[in-house]
Amino acid sequence: MTILLTGFAPFAGAAVNPSWLAVNTVARNWTSPDQLQIAVLPVEFGAAAVRMDQLIDEHKPDTVVAVGLAAGRDNITPERVAINVDDARIPDNAGFAPTDQPIIDNGPAAYFSTLPIKAAVDAVQASGIRAQVSQSAGTFVCNHVFYRLMHTAQSRGGMRAGFVHVPLATEFAGRNGDGDQTVAPTMPIADIAHALAVIVRTSIDVRIDAALPGGTLH
């Protein structure tokens, strides 16, 4: 099988992006006979999704796992759903900050991940790393890429796809957009990378997701 695993470039003045650092670590440690392709996406509305489409055309992956940073979260969080709206609290790296704009005109309100997200969370937790299902990928570039990815996947037959948010990196305090380290939760890059490798492996091996609780009360 061919797996495409992507991270993002730094944004909002940060020197590094833990998503891309972790993706590189996964690639360095990859020993599976399945083929792993990695790539970095620009933190730009439109351009990131265009780049993702180019990568899918080039590599024709069976599975795509896009990874982004969610500063403030303390868990590895596979996303359940992408919504059809761009609403930027800060500008992207090109200075663009759309407000209440559809990602695809007349597109579905939302797309669900086709990765086995609950089985993946269970496997990551079993490895000793914090993880939970997330019910919102936000409305910034991560959600934009996630929505466009799932839209593309609709025309790609059996291609499975989804998005995972990761915490700030412990090793890069003050350099990965973390702000005040006394309040910003972090996770070591090695743990983030291990969790991503587990999620990729689970996505290859598990065809029907586990029937486990993963919802929230609010």
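The values are calculated or read from the model by the stated rules, or taken from the named source; none is laboratory data. Just so it is clear, the structure is predicted and the values come from calculations on it, not from any experiment. Because the Cβ atoms are built from the backbone with ideal geometry, glycine has one as well, and the counts that use them run over all protein chains shown.
Each row is one residue, and each column tells you yes or no for (1) among the acidic types (Asp, Glu); (2) out of contact with any strand residue (DSSP E or B) (no Cβ under 7 Å at 6 or more places or on another chain); (3) in contact (Cβ under 8 Å) with a residue 24 or more places away in the chain; (4) over 20 Å from residue 184 (Cβ atoms).
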site	(1), (2), (3), (4)
8	no, no, yes, no
25	no, yes, yes, yes
29	no, yes, yes, yes
90	no, yes, yes, no
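Can you spot a residue in region 168-179 that is more than 19 Å from residue 3 (Cβ to Cβ) and of a type in the set (S, T, N, Q)?
yes
For residue 97, state whether it is in contact with a Phe, Trp or Tyr (Cβ under 7 Å, 6 or more places away or on another chain), at pLDDT 95 or above and of a type in the set (A, V, I, L, M, F, W, C).
no
Among the numbered criteria (1) assigned to a loop (DSSP other than H, G, I, E, B); (2) at pLDDT 95 or above, which single criterion is violated by residue 68?
(1)
What are the residues in region 84-115 that are outside any loop (DSSP other than H, G, I, E, B) and surrounded by 20 or more Cβ atoms within 10 Å (Cβ to Cβ), if any?
Correct list: 86, 111.
Can residue 140 be described as farther than 22 Å from residue 52 by Cβ, of a type in the set (Phe, Trp, Tyr), buried (at least 16 other Cβ atoms within 10 Å of the Cβ) and more than 12 Å from the chain's Cα centre (by Cα)?
When the stated conditions are applied, residue 140 does not pass them.
Which of the residues belonging to region 1-57 are part of a helix (DSSP H, G or I), in contact with a Pro (Cβ under 8 Å, 6 or more places away or on another chain) and buried (at least 22 other Cβ atoms within 10 Å of the Cβ)?
Result: 18, 48.
Residue 17 versus (1) more than 21 Å from residue 160 (Cα to Cα); (2) without any contact (Cβ under 8 Å) to a residue 40 or more places away in the chain: which is the lone unmet condition?
The failed condition is (2).
Residue check: is residue 74 buried (at least 18 other Cβ atoms within 10 Å of the Cβ), of a type in the set (Asp, Glu) and within 22 Å of residue 116 (Cα to Cα)?
Against the criterion (buried (at least 18 other Cβ atoms within 10 Å of the Cβ), of a type in the set (Asp, Glu) and within 22 Å of residue 116 (Cα to Cα)), residue 74 does not qualify.
Can you name the condition, by its number, that residue 74 falls short on among (1) within 26 Å of residue 188 (Cα to Cα); (2) in a helix (DSSP H, G or I); (3) acidic (Asp, Glu)?
With (1) within 26 Å of residue 188 (Cα to Cα); (2) in a helix (DSSP H, G or I); (3) acidic (Asp, Glu) applied to residue 74, the lone miss is (2).
Could you give every pair whose Cβ atoms fall below 7 Å, whose first residue belongs to region 159-171 and is charged (D, E, K, R), and whose second residue is assigned to a strand (DSSP E or B), counting only separations of at least 6 or pairs across chains?
Hits for this filter: 160/63.
Restricting to region 150-176, name every residue that is within 24 Å of residue 205 (Cα to Cα) and more than 11 Å from the chain's Cα centre (by Cα).
Listed by number, the residues that qualify are 150, 151, 152, 153, 154, 155, 156, 157, 158, 159, 160.
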